Amino acid sequence: MKTNLLPRSRMLTLCVSLLVTVPVMAEKPNVIVIMADDLGYGDLSCYGAKSLTTPNIDRLSEEGLRFTSGYCSASTCTPTRYSLLTGTYAFRGERTGIAPPNAPAIIKPGTETVASLLQRAGYATAVVGKWHLGLGGENGPDWNGDLKPGPLEIGFDTCFLLPTTNDRVPQVYVHDHRVPDLDPADPLWVGNKKPSPDHPTGISHRDSLKMDWSHGHNSTIHNGISRIGFYTGGQAARFRDEDLADKWVEKSVEFIEQHKSEPFFLFFSSHDIHVPRIPHERFQRKTALGFRGDAIIELDWCVGELMKTLDRLKLAENTLVVFCSDNGPVLDDGYKDEAIEKIGNHRAAGPYSGGKYSVYEGGTRTPLITRWKGHIQPGVSDELVCTIDLAASLSALTEQPLPDDACLDSFNVLGALLGEDNAKGRGHLVQQDNGSSGTYGLRAGQWKLHRYDKQTAYNVVVETQLANTKVPPFQLFDLDNDPAETTNVIEDHPKVAARLKKQLAGIIEQ
Ligand code: NG6
Ligand code: CA
């Protein structure tokens, strides 16, 4: 692969390892990756938001490195999370598009992941929060039995999960291999067809809903909110949407306390600010932006609680915290929660176009902050880094070699993540929308190429600009002069376009 930085080559791993000081390596810092859901570049006050304040994430940013070219690899959740964990572009994998409620485990047992490499390095590993990468074998999750394979088969010692995403059924937690608190007399059934003619849905009982739907999301009702998919039973195991954030914090603090004396890796996978946006009552109506804004301050509270825990246990100087998002913003993603009506001057994607579902910068250029007190010099970095790079970078940090056939799209950008002098980020990044939909962006330096294989990209009824239907198969934008990607300059720069087309094809077909 011709790049100005090789993807996680052994040699580079070695070089960077040598640059890291010996005490740091011996320390094996704890690693906490906090991933927000659907949080846009412009949604935090440290990234310029004026309509709300996010003091805890701002503090993380003041004490760490705030990236202005920090990306996730896809503009939907499942492919980004697949890439984050496996260090591999999701378009290479099967069934990596947005996972339905009964999806089987997408990452096969034995696959090298960020969790498995850290586990091998002696870390205690946990994922808490949204999973959305499928559970169970070929037939999908056995909700009343053992839910495996899942996170525990790919490197996590323990998990406490929301199985998919909270607009999809069912509203139960998964702890390791089981749904906790299930009453065997009331088994949980999940399916895509109405289980009985009189089963109440968002269509038949629309008047009873506490938050109305705008598109999709009109099947089984739980907690006054209708969802994608149908389910019955499992009443004793069901949670309230309002309590999710508290639960993630409770379980995470528990895990950190249990493992405070050994290296640990916590993947804190928040559901905020995905729909349905139902923050806890104490956050409701606290911002002028409606529940979307309230969910942002709930997320900020969670980050504050994690930081407080690190401070209390005196772990802040021994913990690398990475804050990121799984895709760009969306306002109406299927529920009438006033996100559009109350948006005012707030620009959820900051200066960028598009958002969730799109390969415009707004879809994948998202908040990304690293903090490791005493090790990372606070500041702002414009180096190009992506959540897909965590695998190779953490492998370098912990001196944990990766198998030759693993994490192939992950670059070792540890130096850039730690803000080391003259350390470079990656030279290019492929952005995609969903699964294997054939819509790509390639950012390389100032240039951004769009490629639309199918002429229509994965599309849902959202109000954000996708502009990806009936477009020419290729477009080129100059991000230095046109960060909002408004003017296609492909005719003016045929050589650049040819080079990037070839580079993109080489990566996709590799
Ligand atoms: C879409 C849903 C959307 C959201 C998304 C996944 C409809 C109409 N839209 O299909 O609400 O759930 O999938 O979001 O059903 S993600 O952040 O997990 O990728
Ligand atoms: Ca998402």
message: Where the second residue is in a loop (DSSP other than H, G, I, E, B) and the first is on the phi > 0 side of the Ramachandran plot and lies in the stretch 475-495, which pairs have Cβ atoms under 8 Å and are six or more apart or on separate chains?
response: Glu485/Tyr352; Glu485/Ser353; Glu485/Gly354; Glu485/Tyr360; Glu485/Leu479
- prompt: Out of all the residues in the stretch 316-334, is one or more within 16 Å of ligand 1 (Cβ to nearest atom), farther than 23 Å from Gly129 by Cβ and surrounded by 19 or more Cβ atoms within 10 Å (Cβ to Cβ)?
  reply: yes
message: Cβ-Cβ distance below 6 Å, separation of 6 or more or different chains: which pairs start in the stretch 416-428 with a residue that is among the small types (Gly, Ala, Ser) and end on one that is surrounded by fewer than 16 Cβ atoms within 10 Å (Cβ to Cβ)?
response: Gly419/Gln377; Gly427/Thr3; Gly427/Asn4
message: Whether any residue in the stretch 63-79 is away from ligand 1 (no atom under 16 Å from the Cβ), among the acidic types (Asp, Glu) and not in a loop (DSSP other than H, G, I, E, B) is what I want to check.
response: no
query: Which members of the stretch 443-455 meet the condition of being surrounded by fewer than 23 Cβ atoms within 10 Å (Cβ to Cβ) and either outside any strand (DSSP E or B) or in contact with a helix residue (DSSP H, G or I) (Cβ under 8 Å, 6 or more places away or on another chain) (or both)?
result: Ala444, Gly445, Gln446, Trp447, Arg451, Asp453, Lys454, Gln455
- request: Select from the stretch 250-278 the residues that are of a type in the set (A, V, I, L, M) and either buried (at least 21 other Cβ atoms within 10 Å of the Cβ) or in contact (Cβ under 8 Å) with a residue 60 or more places away in the chain (or both) and write down the one among them that is nearest to ligand 1 (Cβ to nearest atom).
  value: Val275
message: For the list (1) buried (at least 24 other Cβ atoms within 10 Å of the Cβ); (2) more than 16 Å from ligand 1 (Cβ to nearest atom); (3) of a type outside the set (Val, Ile, Thr), I need the number of the one condition that Phe283 fails.
response: (1)
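So that you can scan it fast, the table gives a plain yes or no per residue for (1) polar (S, T, N, Q); (2) touching a helix residue (DSSP H, G or I) at 6+ places or on another chain (Cβ under 6 Å); (3) away from ligand 2 (no atom under 16 Å from the Cβ):
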residue: Pro170; (1), (2), (3): no, no, yes
residue: His175; (1), (2), (3): no, no, yes
residue: Asp186; (1), (2), (3): no, yes, yes
residue: Val190; (1), (2), (3): no, no, yes
residue: His199; (1), (2), (3): no, no, yes
residue: Ser219; (1), (2), (3): yes, no, yes
- request: Could you grab me the full set of residues in the stretch 361-398 that are more than 16 Å from ligand 2 (Cβ to nearest atom) and either modelled with pLDDT under 95 or basic (Lys, Arg) (or both)?
  value: Arg371, Lys373
Residue check for Glu112: more than 21 Å from His217 (Cβ to Cβ), surrounded by fewer than 16 Cβ atoms within 10 Å (Cβ to Cβ) and of a type outside the set (Ser, Thr, Tyr): no
- line: So, first residue in contact (Cβ under 8 Å) with a residue 24 or more places away in the chain and of a type in the set (A, V, I, L, M, F, W, C) in the stretch 68-90, second residue in a helix (DSSP H, G or I) and away from ligand 1 (no atom under 16 Å from the Cβ), Cβ within less than 6 Å, six or more apart or across chains; the pairs are Leu85/Val114
field: Members of the stretch 345-387 that are of a type in the set (A, V, I, L, M), over 21 Å from the mean Cα position of the chain (by Cα) and not in a loop (DSSP other than H, G, I, E, B)
entry: Val380
statement: By residue number, the members of the stretch 140-186 that are assigned to a loop (DSSP other than H, G, I, E, B) and within 16 Å of ligand 1 (Cβ to nearest atom) are Pro163, Thr164, Thr165, Asn166, Asp167, Val169, Pro170, Gln171
task: Any chance you could count how many residues in the stretch 317-360 are among the polar types (S, T, N, Q), out of contact with any Cys (no Cβ under 7 Å at 6 or more places or on another chain) and within 16 Å of ligand 2 (Cβ to nearest atom)?
output: 1
- request: Return the pairs, sorted by first residue and then second, in which the second residue is part of a helix (DSSP H, G or I) and modelled with pLDDT under 95, the first residue lies in the stretch 304-319 and is within 9 Å of Asn30 (Cα to Cα), the beta carbons are less than 9 Å apart, and the residues are 6+ apart or on different chains.
  value: Asn318/Glu27
- request: Search the stretch 341-356 for residues being of a type outside the set (Lys, Arg) and at pLDDT below 95, and hand back the single one that is nearest to Ala36 (Cα to Cα).
  value: Gly355
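The values are calculated or read from the model by the stated rules, or taken from the named source; none is laboratory data. Since we're looking at a predicted model, the values are computed, not measured. Note: ideal-geometry Cβ built from the backbone for every residue, glycine included; neighbour counts use all protein chains shown.
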